[in-house]
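The values are calculated or read from the model by the stated rules, or taken from the named source; none is laboratory data. Please read these numbers as outputs of a predicted model, since none were measured by experiment. All Cβ positions, glycine included, derive from the backbone under ideal geometry; neighbour counts span all protein chains shown. Ligands, DNA and RNA are stripped out before the accessible areas are found, and what is left, the full protein with its side chains, is counted by its heavy atoms. Shrake-Rupley method; radii C 1.70, N 1.55, O 1.52, S 1.80 Å.
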2 protein chains.
Amino acid sequence: MCQDRDVQTDRDACCGLARQPLDSAGAERIAPMFKALGDPVRLRLAALIASDDEVCVCDLTSQFTLSGPTISHHLRVLREAGLVECERRGTWVYYRIRPEALGSLGALLQVG
Amino acid sequence: MCQDRDVQTDRDACCGLARQPLDSAGAERIAPMFKALGDPVRLRLAALIASDDEVCVCDLTSQFTLSGPTISHHLRVLREAGLVECERRGTWVYYRIRPEALGSLGALLQVG
DNA sequence: TCACTATTTCGACAAACGTCTATTCAGGGG
DNA sequence: CCCCTGAATAGACGTTTGTCGAAATAGTGA
């Protein structure tokens with residue numbers, strides 16, 4: 001072990017994670033958001049949703065070779081993590097990104 | 001469903017995810033990093049490691065009520081995701097953050 | 001009312017995960 | 001050389017996850 005190093009880093013800069021101590025309760029609150037993005041299908045879903053103001057579920061499903069219920073399941077995970085929101089209009093359901101949620105996660109990671 | 005909305009967002013700003021299409025291969029490459037941060041223990045470990053230049057495993061283990069092997073397992077996940085690196089010096093092993101990895105994740109999420 | 005479509009929920013199942021204990025590996029000091 | 005300590009690995013076990021097909025729900029329109 002300890003051999004998987006191949007990148008040189010600048011040691012003095014670091015991220016928002018370094019600034020607050022992040023107690024156990026905070027970690028339990030935040031981790032589910034990262035977890036939601038930790039699946040390739042959900043990450044692509046999030047990117048697709050983020051790439052427009054809102055996206056219909058039918059347009060999401062058609063981008064994958066997965067069943068409708070599976071996409072629906074992943075959308076629910078993203079929704080329950082607070083990363084997206086949805087709205088039904090007629091037969092269709094439209095999903096939108098919640099930029100403030102993604103942004104707060106980003107701030108944790110961003111070098112400052 | 002569709003009731004879990006409680007925050008108002010500004011619709012025109014969004015994150016790096018929106019800018020590139022993020023194909024399947026890209027998602028498979030990036031998702032494991034989010035996944036690694038998607039566990040409360042690992043998120044706290046990352047925060048602890050980030051809060052200093054380097055941290056000894058013994059100082060990490062003492063912060064949790066988990067067994068040594070469990071901490072070691074989580075550190076391995078963070079390591080294999082490329083988020084941290086380690087170095088043995090004598091009996092002890094020290095972990096460091098890889099800020100460029102966290103930063104690139106952050107850029108994906110950050111509103112810009 | 002009935003049929004049709006879009007989406008979600010339910011129930012099942014294999015694979016992956018988080019945790020533990022027991023064991024092994026690496027270094028240091030008598 | 002042997003023992004002690006810090007850390008990682010191996011193996012086991014219960015839980016969670018990702019996926020599916022079948023069924024239920026919501027809305028449209030004849």
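Pairs meeting the criteria (first residue in region A:88-101 and facing chain B (nearest Cβ under 8 Å) and part of a loop (DSSP other than H, G, I, E, B), second residue modelled with pLDDT under 95 and open to solvent by less than 70 Å² (accessible area, probe 1.4 Å), beta carbons under 6 Å, at least 6 apart or on different chains) are A:ARG98/B:THR9. Of note, A:GLN63 does not satisfy the criterion of being out of contact with any Ser or Thr (no Cβ under 6 Å at 6 or more places or on another chain), at pLDDT below 95 and open to solvent by 60 Å² or more (accessible area, probe 1.4 Å).
Just checking, does region B:28-36 include any residue being over 23 Å from B:ARG88 (Cβ atoms), free of Cβ contacts under 8 Å to residues at least 40 places away in the same chain, within 7 Å of chain A (Cβ to nearest Cβ) and more than 12 Å from DNA strand C (Cβ to nearest atom)?
The initial filter retains those residues of region B:28-36 that are over 23 Å from B:ARG88 (Cβ atoms), namely B:28-35.
Then keep just the ones that are free of Cβ contacts under 8 Å to residues at least 40 places away in the same chain; that gives B:28-29, B:31.
If we keep only those that are within 7 Å of chain A (Cβ to nearest Cβ) as well, we get B:28, B:31.
So of that shortlist, the ones also more than 12 Å from DNA strand C (Cβ to nearest atom) come out as B:28.
Yes, the conditions are met somewhere in region B:28-36.
I want to confirm something. Restricting to region A:39-54 and keeping residues that are away from DNA strand D (no atom under 15 Å from the Cβ) and open to solvent by less than 40 Å² (accessible area, probe 1.4 Å), which single residue is farthest from the other protein chains (Cβ to nearest Cβ)? Here the answer is A:ILE49. When A:VAL111 is tested against (1) at pLDDT 95 or above; (2) among the hydrophobic types (A, V, I, L, M, F, W, C); (3) more than 16 Å from DNA strand D (Cβ to nearest atom); (4) surrounded by fewer than 22 Cβ atoms within 10 Å (Cβ to Cβ), only condition (1) is not met. Find the residue count for region B:68-86, including only residues that are near DNA strand C (Cβ under 10 Å from one of its atoms) and open to solvent by 60 Å² or more (accessible area, probe 1.4 Å). Qualifying residue count, region B:68-86: 4. Within region B:102-112, the residues that satisfy the criterion of being in contact with a Cys (Cβ under 8 Å, 6 or more places away or on another chain), in a helix (DSSP H, G or I) and either more than 7 Å from chain A (Cβ to nearest Cβ) or of a type outside the set (Gly, Ala, Ser) (or both) are B:LEU102, B:LEU108, B:LEU109.
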